Amino acid sequence: MEKLPEKLLKKLQERDGMNTLRQLNIRPNLTDFSSNDYLGFASSKSIADRAYKLFRERGEQMNGSRGSRLLMGNDRLYEDTEKSIAKFHSSPSSLIFNSGYTANLGIISCIPQRGDIILYDELVHASIREGILLCRASSSKYAHNDLQDLEQKLERITKDTGRECYVITESVFSMDGDSPNLKALVTLCKEHNCRLIIDEAHAIGITQKGIVVSEELTKQVFARVVTFGKALGCHGAAVLGSEDLKAYLLNYARSFIYSTALPPHSVATIKAAYEHLDSEIGLQSIRKLNSNIAILRSCTEKYKISACFLPSDSAVQAMLIPGNEKVKAISERLFKEGFDVRPIMSPTVPPSKERLRICLHSFNTETEIEGLIKLLAEITL
Ligand SMILES: Cc1ncc(COP(=O)(O)O)c(C=O)c1O
């Protein structure tokens, strides 16, 4: 077997030396404060049973989709699921992608054209950044959730005529757990005649249909990305927007065109997960998750560590613990005590912004949450 080139081996050694080498491991089942399975849908038997029924009803049983959606990979289950997703999120259409990563890559790489401009929040997800790298438009970041900074940049840009401008952000940020002021953002984009693309990956769970729906902004947003690997507990993603947008994406989004479609059983699981989210059990899980978020915030006050937490009303709660070594050691200590909380180290976040990323779920108990915060106070104060 040929060896990895020397310079790449060196890069791995450098990471190892800095204690930031990523490795795959299988961890025992601890108290889950780490997965994105915010509502516990990933292990729901009723979703699994319903998905199996939908899959059987579909007729011919297939292990794989046999190709891109544009070739053999499409079928009625896909079409039905897209229709119900669009209706659920109050969108004219939806187009399923194989993951949130490929949805962002697909839409952002093909919509903004040469000469257009993209303004994006400095903390957007890697998949959005990579979409920006692939497209031919010019781009500039604005300070995190800072609409004044965005406005200044918009004022400079939109004086140039003939350029389309796109603003890209998330409705809940994956590492900080905070949100932009969406109503103000929509108004700003309208004033400056630019189109808004919003990634709602982490907004489902704390809301049923995303923040754009709960704030009644669907008509003012150009495109939304919803993902199924988080609160929906399965896999895949969809771009929500106009019928024209869908037609354009299936003609030009390369991550959609040149990849084998999700297999039918995955699509059946997505449909079943949406039905579950739309049920009373789904609503109960959302209420429980939001109550757990309030419990965690009040525990951080009680144990006097609230100042270490970034402001967040979402399922993602970040406790800043600067220094890779330190945050890793604390995560390991929590692990020994039975809590699965992952450290987020630089370079994933900027140096000195290292943190524990605590993910809350509907199934976490009050005792577990208080136990975690009490222990964190003992370790860190
Ligand atoms: C904001 C955001 N967008 C997109 C993605 C990618 O989604 P997926 O895991 O379905 O590829 C993630 C995943 O972490 C995310 O946090």
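Here, each number is a calculation from the coordinates, and none is a lab measurement. Because the structure is a prediction, the values reported are computed rather than measured. Positions of Cβ are generated from backbone atoms using ideal geometry, with glycine treated the same way; all protein chains shown enter the neighbour counts.
For Phe97, the residues whose modelled amide H falls within less than 5 Å of its own, excluding neighbours fewer than 5 places apart on the same chain, are Ala237, Ala238, Val239. Only Lys, Arg, Asp and Glu carry charge here, each on its Cβ (+1 for the first two, -1 for the last two); on that basis region 280-380 has a dipole of about 240 debye about its Cα centre. Would region 252-381 count as rounded, prolate or oblate if I go by the C-alpha gyration tensor, calling it rounded below 1.5 in a/c and otherwise prolate when a/b exceeds b/c, oblate otherwise? Note, shape of region 252-381 comes out oblate. For the peptides 104-116, 10-22, residues were scored by their other Cβ atoms within 10 Å and the scores averaged per peptide; the highest-first order is 104-116, 10-22.
Projecting the Cα atoms of Gly205, Ile128, Leu188 onto the dipole axis of region 107-265, where Lys and Arg carry +1 and Asp and Glu carry -1 at the beta carbon, places Ile128 farthest toward the positive end. Expressed as a whole number of Å, what is the distance separating the alpha-carbon centroids of region 11-55 and region 65-140? Answer, in whole Å: 24.
Around the Cα centre of region 45-277, unit charges on the Cβ atoms of Lys, Arg, Asp and Glu (plus for the first two, minus for the last two) sum to a dipole of about 680 debye.
In this structure, the residue pairs whose Cα-Cα separation is over 22 Å, taken from Lys326/Lys374; Lys87/Lys271; Lys10/Lys336; Lys141/Lys326; Lys53/Lys246, are Lys10/Lys336; Lys141/Lys326; Lys53/Lys246.
Treating r as the C-beta distance of Ala294 and Arg56 and R0 as 56 Å, the FRET efficiency rounds to 0.85. In terms of overall dimensions, the chain has a Cα radius of gyration and Dmax of 21.5, 60 angstrom.
Karplus-derived 3J(HN,Hα) values for region 243-258, using 6.51 cos²θ - 1.76 cosθ + 1.60 with θ = phi - 60°, are 4, 4, 4, 4, 4, 5, 5, 6, 9, 10, 7, 5, 6, 7, 6, 9 Hz; glycine and proline are entered as x. Amide H contacts of Glu122 (H built 1.01 Å from N, in plane; Pro and chain starts excluded): Tyr142, His144, Asn145 sit under 5 Å, all sequence-distant by 5 or more or on other chains.
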